[in-house]
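What follows is a short report on a single structure.
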Amino acid sequence: MNETHVSIPEVPPLLARPMALAPLAPLSLSLNTFARAVARNHPGLFRRLGEHAHAKFVLDPTDLPFVILLEPRGGAPKVTVRRRSAQGDARIAGPLAAFLGLVHGAYDGDALFFSRDLVIEGDTAAALALRNAIDDAELDFAEEAARLSGPFAAPLRRIITLTERRMGICLSRPPEELAW
Amino acid sequence: MVMEIVCPAGTPAALRAAVKAGAHTVYCGFADETNARNFPGLNFSREEMQEGVRFAHAHGAKVLVAINTYPRAGAEEIWRQAVADSETAGADAVILADPGLLDYAARNHPDLRRHLSVQAAAANADIINFYARAFGVKRVVLPRVLSVPEIAAINAETDVETEVFVFGGLCVMAEGRCSLSSYATGKSPNMNGVCSPASHVEYRETGDGLDARLGGYTIHRVGRDEPAPYPTLCKGCFTAGGKTGHLFEDPVSLNAEQLIPQLAKAGVTALKIEGRQRSRSYVAQVVRNFRAAVDAQAAGQPIPQGMLASLSEGQATTTGAYKKTWR
């Protein structure tokens, strides 16, 4: 019998603290636009949610001073950023890097859960459906953002690569050969 | 000869990941109660199955469709249709457990290869040979309660291929006959395709730890720094008679990669990886590891040491019944 543990990086407090003072409306607006673009490009994600396509998910990046309320609304998603409280059917909490690694297939959801890097409360079935639907969608946030950025796509990709390297956070789908 | 690795795919993305990572064979199921991993957000539509089979075949891999729950009285057509749709999709075999469904498949789809699911709990050569004679079963997935010498004894008395679990969640019960999930939730892997269904599982953060609840019963409570508890009764932790402990074994995951040479010697044809409920990242990582292991075994080289414990349920592994050391 043996035990190992994957180390999940956290957003440094020096970066996270100033976000507590930032206005949340522009962040909500940006994430909403982003979520709708993802919905357009990955309609299968919402089909896979099945009966949970209208559940409310509270995503709680524990190293950031806000929570994200995600409402898939059957394919017309709504994202709202709130200070530390929000009501939903399921709450999923963990470092931002765990969420992003999960989305991009760099981490396994069950492994993060059993290691307590991710905490799930409330409707377990809804949380499971969301995780499975996202895993199947093979999302790449960097590519989605680049598509929305028009002429700024190339510099954005450079910034994303630099951020990934500096912070150890997975903002894009890792090449399969390197990931596994 | 290289042992065949049979890999799980809960989603089309996981199927592609498994094939790209070197799976010889992938097993999956339809998104309904006909298979024993009927979980939210998992499994394949008919179109996805056809596409998945096409992808696998284009890359030299096979696809097995698990239809391994027991048909409900009056609703047999759902299971029969799943068999027919598997053949239409071009599946290489179906994995069945119910004798009635096996009989239906043998009579109506004779060219579709039939494997016997672990859910049938066929644990000796007599019953395996009966399934072969009666329904033309070509392969049996052996229950996870057998030791390596017991597997060798079975292979000595049957021509049916044997497939054994080598990695993933460890079911310590005789599969297909376990009623623990039914007791707590009214639903079981045998009839509904769900052991401890997520709809009946709840995790609660408490002041000093985490509680796992199933069907309203608290079945395990862990401290702040312990791994999250597994939500099944068989892996719960209980207090009775002044003693606290797990009923059968600590909640560990099976990892028999170091036993591959013994399993090959025992006559095993295929090695099965559990985990259709796991992510494509998990599937790819485990498949890559086991492909390297069986390739090394075939080449007469030592089995490489794996690094898979971080992916395991409970974050710890065991060789399970293959070496019977549990209490």
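Numbers for the structure displayed
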{"quantity": "Any hit, region B:74-87, residues being closer than 15 Å to B:Cys7 by Cβ, out of contact with any Pro (no Cβ under 6 Å at 6 or more places or on another chain) and not aromatic (Phe, Trp, Tyr)", "calculated": "no"}
{"quantity": "Given (1) buried (at least 16 other Cβ atoms within 10 Å of the Cβ); (2) modelled with pLDDT under 95, index of the condition B:Ala174 fails", "calculated": "(1)"}
{"quantity": "Criterion violated by A:Glu164 - all others in (1) acidic (Asp, Glu); (2) in contact with a Cys (Cβ under 7 Å, 6 or more places away or on another chain); (3) facing chain B (nearest Cβ under 9 Å) satisfied", "calculated": "(3)"}
{"quantity": "Residue in region B:197-208 that is surrounded by the most Cβ atoms within 10 Å (Cβ to Cβ), counting only those that are facing chain A (nearest Cβ under 10 Å) and of a type outside the set (D, E, K, R)", "calculated": "B:Pro197"}
{"quantity": "Scope region B:242-273; condition within 14 Å of chain A (Cβ to nearest Cβ) and part of a helix (DSSP H, G or I); matching residues", "calculated": "B:Glu257, B:Gln258"}
{"quantity": "Unique residue being buried (at least 20 other Cβ atoms within 10 Å of the Cβ), more than 14 Å from the chain's Cα centre (by Cα) and of a type outside the set (Gly, Ala, Ser) when the list is B:Ile127, B:Ile154", "calculated": "B:Ile154"}
{"quantity": "Within region A:98-128, considering residues that are of a type outside the set (A, V, I, L, M, F, W, C) and closer than 23 Å to A:Gln87 by Cα, the one farthest from the other protein chains (Cβ to nearest Cβ)", "calculated": "A:Asp117"}
{"quantity": "Region B:299-311, subset within 15 Å of B:Val166 (Cβ to Cβ) and among the aliphatic types (A, V, I, L, M), residue modelled with the lowest pLDDT", "calculated": "B:Ala309"}
{"quantity": "Scan of region A:95-119 for residues that are part of a loop (DSSP other than H, G, I, E, B) and either free of Cβ contacts under 8 Å to residues at least 60 places away in the same chain or among the aliphatic types (A, V, I, L, M) (or both), ordered by number", "calculated": "A:Ala106, A:Asp108, A:Arg116, A:Leu118"}
{"quantity": "Sole residue being assigned by TED's automatic domain parsing to the domain that holds B:Val283, at positive phi and buried (at least 24 other Cβ atoms within 10 Å of the Cβ), chosen from B:Gly60, B:Gly41", "calculated": "B:Gly41"}
{"quantity": "Qualifying residue in region A:38-55 (condition: in a helix (DSSP H, G or I), touching a residue at least 40 places away in the same chain (Cβ under 8 Å) and away from chain B (no Cβ under 14 Å))", "calculated": "yes"}
{"quantity": "Single unsatisfied condition, A:Arg131 versus (1) within 9 Å of chain B (Cβ to nearest Cβ); (2) among the basic types (Lys, Arg); (3) in a loop (DSSP other than H, G, I, E, B)", "calculated": "(3)"}
{"quantity": "Residues that are at negative phi and touching a Pro at 6+ places or on another chain (Cβ under 8 Å), drawn from region B:132-164", "calculated": "B:Ala134, B:Phe135"}
{"quantity": "Filter result (outside any helix (DSSP H, G or I) and among the polar types (S, T, N, Q)) within region A:134-180", "calculated": "A:Ser149, A:Ser172"}
{"quantity": "Residue in region B:112-133 that is modelled with pLDDT of 95 or more, out of contact with any helix residue (DSSP H, G or I) (no Cβ under 6 Å at 6 or more places or on another chain) and either outside the structural domain of B:Leu263 (by TED's automatic domain parsing) or farther than 30 Å from B:Val294 by Cα (or both) present", "calculated": "yes"}
{"quantity": "Subset of region B:185-196 (residues that are assigned to a loop (DSSP other than H, G, I, E, B), in contact (Cβ under 8 Å) with a residue 12 or more places away in the chain and either of a type in the set (Val, Ile, Thr) or surrounded by 19 or more Cβ atoms within 10 Å (Cβ to Cβ) (or both))", "calculated": "B:Lys187, B:Pro189, B:Asn190, B:Asn192, B:Gly193, B:Val194, B:Cys195, B:Ser196"}
{"quantity": "Conditions (1) in contact with a Phe, Trp or Tyr (Cβ under 8 Å, 6 or more places away or on another chain); (2) within 25 Å of A:Leu148 (Cβ to Cβ); (3) surrounded by 19 or more Cβ atoms within 10 Å (Cβ to Cβ): number failed by A:Glu71", "calculated": "(3)"}
{"quantity": "Subset of region B:1-28 [crowded, with 24+ Cβ neighbours inside 10 Å and among the hydroxyl-bearing types (Ser, Thr, Tyr)]", "calculated": "B:Thr11, B:Tyr27"}
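The values are calculated or read from the model by the stated rules, or taken from the named source; none is laboratory data. Please read all numbers here as calculations on a predicted model, not as lab measurements. Note: ideal-geometry Cβ built from the backbone for every residue, glycine included; neighbour counts use all protein chains shown.
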